[in-house]
Amino acid sequence: YIRIPSTLSRAFLTVRSIDIPRTTRRFNQIMVSFRKSKSKKKAAEVAKEEVPEKAAPPEPKPEENGKADEGPAAKSEEKPKPAPAPAPSKPPTLDDIPELLKTMTEEKGEKSAAATKRIYELCDVGHKQNRVPMVCSGKWDVLTPLAKCLTQESGDGRHLACLALNNLSIPTENKRVMALGPASKEVIGGLCKVIAEDKQESYLCCICLMNLSFLEASITTILQHSPVDEGASPIPPLDNPNSLIRVLEKLLTNSPSAPKSGSGKSEGVRWACGLIKNLAKSEENAALFGQTEIPRCVVENIRNTTAPPSRWTSNSLEDFSLFVILNLAQWPVSKDALIGAGAVDVIKPIMSEGDLQGLKATMACAFLDAKWEDFPDGGAPASKSVSELMTNIVEKKGKDGQYAYGVFKLYTATKAYRDLAVSAVESGSANTKALATPSSVALCLQVVSDLVLAAVDDAEGGSKYVPDAMSAEYAVGAIEAMLPAILDEADPPRVSVQSEKAAGEVAQMLLTYSDISGTSATAKASAKKSADEIKAAGGSARPILEISHDLWTQYRKREGQPLDQFISQERGIEVDESGPLDFLPCVNSSGETSCTIL
């Protein structure tokens, strides 16, 4: 063996950018086992064959891009990281978008993927300010090229397009353009196709669609996606195996009963349930879900979990699944499917957990006609949690660490309270005492009266929160069901002017509500029946009615609402010598009289 001087050896190990002569490279390969160096041409071919990493790696430093050939010693220490040829060394800017879009649409393979990567970098977490201009400025159409990338066989371009679309779907302004704009068909169709083909990016597509579905105006359009060949007649979603609802159903039904946490399959199912949670908020969509296997699948997700509800994190599979059950349970068109899947027995134990999961389970059980005996501790926790939820929604506040007021709709909370009251009264009128607390009754009166003030043209004042018609209807239904407790007499019985005043004003408000245009026949009948019973009970003291009326009056004072709006308008009739005196028995219809006025 020939010994190489140490100084020469160190030179070979440290010099990286110098082109070492071929003979020296060959000599080093034989003597010290260095790897054979590749020529400049071979290095360029390797660069063309390299593809971006799946997670969109950081761009190489500018100084690394100019190396055409490195010495063998350097290559033995570090694997080269050549960037795709089309990518410029400088960070991309919005001005580069036209050229990048041209490359994405006209090129294929790595050139197209590299351009897609640059589009992704323009809207990544470090460039949030670019997201709205990229979609809403009208200067470029980035959505259609990104949607086309979703159909690529190359996983790199598809993955990068999913990442970019996810980032772009976050701003509220972008949601409307992406879900309802000119490119919506391509965007929703491309995302749906990736899910249908069970690609590894399926979970990213579910997240993107879930982001878009936070825009409630879009949820019907998204679920109605039912692609057909060009020129073919439309096919209803339930009759089309390629529709989004059937694709989601297939994803859930083909999932193993206990998919490995963190796997591609489990992530796809998890975020699909998150998407379904948002889509199930409309009755029209719930009617479609009720005709699929999806209700059974989400019930099974809860049944098969091994984690206790106290350990369920936000956006977990269990959290999403319970939300789906809650949203579907409130609609008559879909709740039967949940009852058939045994949902009540599965979620009933969760009510005792309290907190957010217990609240969701409580409301879902109320919607699913659970028996009053199924609610823990005589229904007191259920009454407290749902009443508190109604208050938080009306006052636009949330419960720390659990939810913001925007998570639940007022009609969901009021319907849950109405259904709890109905369940209680059906098991015995005495059970309504757990629900008919003065604060809860006053809140129901507030919801109804705020709608009345908003509907009456000549009414002064108003509420910061104008309830919808459904919320008012459910509040009236709750009042009717709680009447046995509301009208419970004082012990011992006594006459009360305050109770008489409260009864007259509440009854008048309910009658005014029943006359509002658009009030359903069921709500009108409930309001009139309640008004009659309340007015008839005004002769003696009714403590709960009195206190509830007082709380309601205090609320109206704070809001600057007119306090005489619901006082009976019965007024005296002024008369003079010329009449009208028809009320006297001696006066005929012509006004002639035989009586003498003294």
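Quick look at the values:
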read-out	value
Inter-label distance, nm, simple model (7 Å from Cα along the C-beta direction), Lys384/Ser520	3.1 nm
Cα gyration tensor, the range 239-368 - rounded (a/c under 1.5), prolate or oblate	oblate
Projected label distance in nm at Thr151 and Val228, using a 7 Å step from Cα toward the beta-carbon	1.9 nm
Global form of the range 153-227, assessed from the alpha-carbon gyration tensor, a/c cut-off 1.5	prolate
Approximate spin-label separation Asp532-Arg558, in nm, with each point projected 7 Å along Cα-to-Cβ	3.5 nm
Residues in the range 122-148 that a label on Leu94 would reach, taking backbone N under 17 Å of a point 7 Å out along Cα→Cβ	122-143
28 Å Cα-Cα threshold exceeded, pairs from Lys108/Lys139; Lys117/Lys139; Lys185/Lys396; Lys193/Lys335; Lys277/Lys524	Lys185/Lys396; Lys193/Lys335; Lys277/Lys524
Sites Val497 and Lys396 - FRET efficiency at Förster radius 30 Å, r taken between beta-carbons, to 0.05	0.25
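None of the figures in this text is laboratory data; all of them are computed from the coordinates on show. Bear in mind that the values here come from a model prediction, so they are computed numbers and not experimental data. Here Cβ is always computed from backbone atoms with ideal geometry, including for glycine, and neighbour counts include all displayed protein chains.
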